[in-house]
Amino acid sequence: MARKFFIGGNWKCNGTLEEVKKIVSMLNEAEIPSENVVEVFVSPPFVFLPLVESLLRPDFQVAAQNCWVRKGGAFTGEISAEMLVNLGIPCVILGHSERRSLLNESDEFVGDKVAYALSVGLKVIACIGETLQQRESGSTMAVVAAQTKAIAEKVSNWANVVLAYEPVWAIGTGKVATPGQAQEVHLELRKWLHDSVGAEVAATTRIIYGGSVNGANCRELAAQPDIDGFLVGGASLKPEFADIIRSLTVMKSQL
Ligand code: PEP
């Protein structure tokens, strides 16, 4: 069984009502492969989720950019996983590096969030990735393995998890990882999953790449055997997102 290509568009903290409607119209008109070939999610800011969900074509889904670590209650400013389920939002991005670095989300906290979101029935795009300093000191694999371990310790069923490898130095910088650099980490991550979680999880879990993916660099990255799709920031707000959705040229076969 092949791992279905997965493309997520992370809109981050961008957009007015008018801009959001324009992006949705652009997506609704895009010609892309069928749902059997590629799974597409877009992730608007919380306040636009119901609107985007109601206007977006049915073959695209929506994801939140975050949710609270446990059941809702007296947590001012937070959005609970149950609220997302209640609104019919199927998926959430967790552990994005902007939250890890700006809001001090630790590996353990992200692991708890992933486990809680899965427990209420959400799909999770779980982000991991090293900083430039960590890459330059040769600790890339140790960092991403520790981040993945913190998730693996809390999660027993990986069916609804997509792992997003996003080197921090490549996010929003225009400095994309080379296909070789990305493939190397994806392969190592898959080996880590194989040895630490199990062969089945390693073979079936989608590992997507994120970090300055655009219409020009997506095809070469998509051709790598262990890159199962992309998490796209800046370019997901532009017409080239459709080119990225079309980037898959060969179905990835199971290991
Ligand atoms: C992201 O925010 O997850 C991301 C990959 O951003 P960008 O594509 O802009 O680097």
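Bear in mind these aren't lab numbers, they're just calculated from the coordinates by the rules spelled out. Every value quoted in this text rests on a predicted model; they were computed, and no experiment measured them. Cβ sites come from the backbone with ideal geometry, for glycine too, and all protein chains shown count toward neighbours.
Here are some notes:
- Residues D243, D226, ranked from the fewest to the most other C-beta atoms within 10 Å, line up as D243, D226.
- Amide H contacts of F5 (H built 1.01 Å from N, under 5 Å, at least 5 apart or other chain): E39
- What the phi angles of the stretch 10-17 give under the Karplus curve with 6.51, -1.76 and 1.60, with θ = phi - 60°, is a coupling list of 9, 7, 6, 9, 10, x, 9, 3 Hz, glycine and proline written as x.
- Loop chymotrypsin sites (Phe, Trp or Tyr not before Pro), the stretch 60-89, which have at most 12 other Cβ atoms in a 10 Å radius of their Cβ (DSSP): F75
- Counting other Cβ atoms within 10 Å as a rough exposure proxy, the listed residues T178, T140 run T178, T140 from fewest neighbours to most.
- A simple charge model with +1 on the Cβ of Lys and Arg, -1 on the Cβ of Asp and Glu and nothing else charged puts the dipole of the stretch 37-103 at about 200 debye relative to its Cα centre.
- Neighbour-count ranking [beta-carbon atoms within 10 angstrom, fewest first] of F48, F109: F109, F48
- The stretch 98-255 has equivalent-ellipsoid semi-axes of 23, 18, 16 Å, by the square roots of 5 times the alpha carbon gyration tensor eigenvalues, sorted largest first.
- A straight Cα-to-Cα reach below 29 Å connects K238 with the lysines K4, K12, K21, K22, K123, K175, K252, residues fewer than 8 places away in its own chain not being considered.
- Annotation: amide H-H contacts under 5 Å for K123 (H modelled 1.01 Å from N, sequence separation of 5 or more, or interchain): C91, V92.
- Taken about its Cα centre, the stretch 77-126 carries a charge dipole of about 180 debye when Lys and Arg each add +1 at the Cβ and Asp and Glu each add -1 at the Cβ.
- Only Cα pairs under 8 Å and 6+ residues apart enter the sum, and on that basis the relative contact order of the stretch 1-160 stands at 17 percent.
- The GluC sites (Glu not before Pro) found in the stretch 48-131 that occupy coil by DSSP, while having at most 15 further C-beta atoms within 10 Å, are E78.
- Shown in residue order for the stretch 53-59 are the 3J(HN,Hα) couplings computed by the Karplus curve 6.51 cos²θ - 1.76 cosθ + 1.60 at θ = phi - 60°: 4, 7, 9, 6, 3, x, 7 Hz (x for Gly and Pro).
- Sparsely packed loop sites in the stretch 105-144 (the trypsin sites (Lys or Arg not before Pro) outside DSSP H, G, I, E and B with at most 15 other Cβ atoms within 10 Å) do not occur.
- Close amide H contacts of A164 (hydrogens built in the peptide plane, cut-off under 5 Å, sequence separation of 5 or more or a different chain): A126, C127, I128, I208.
- Rounded to 0.05, the FRET efficiency of the T173 and E220 pair, given R0 = 22 Å and the Cβ-Cβ distance, is 0.75.
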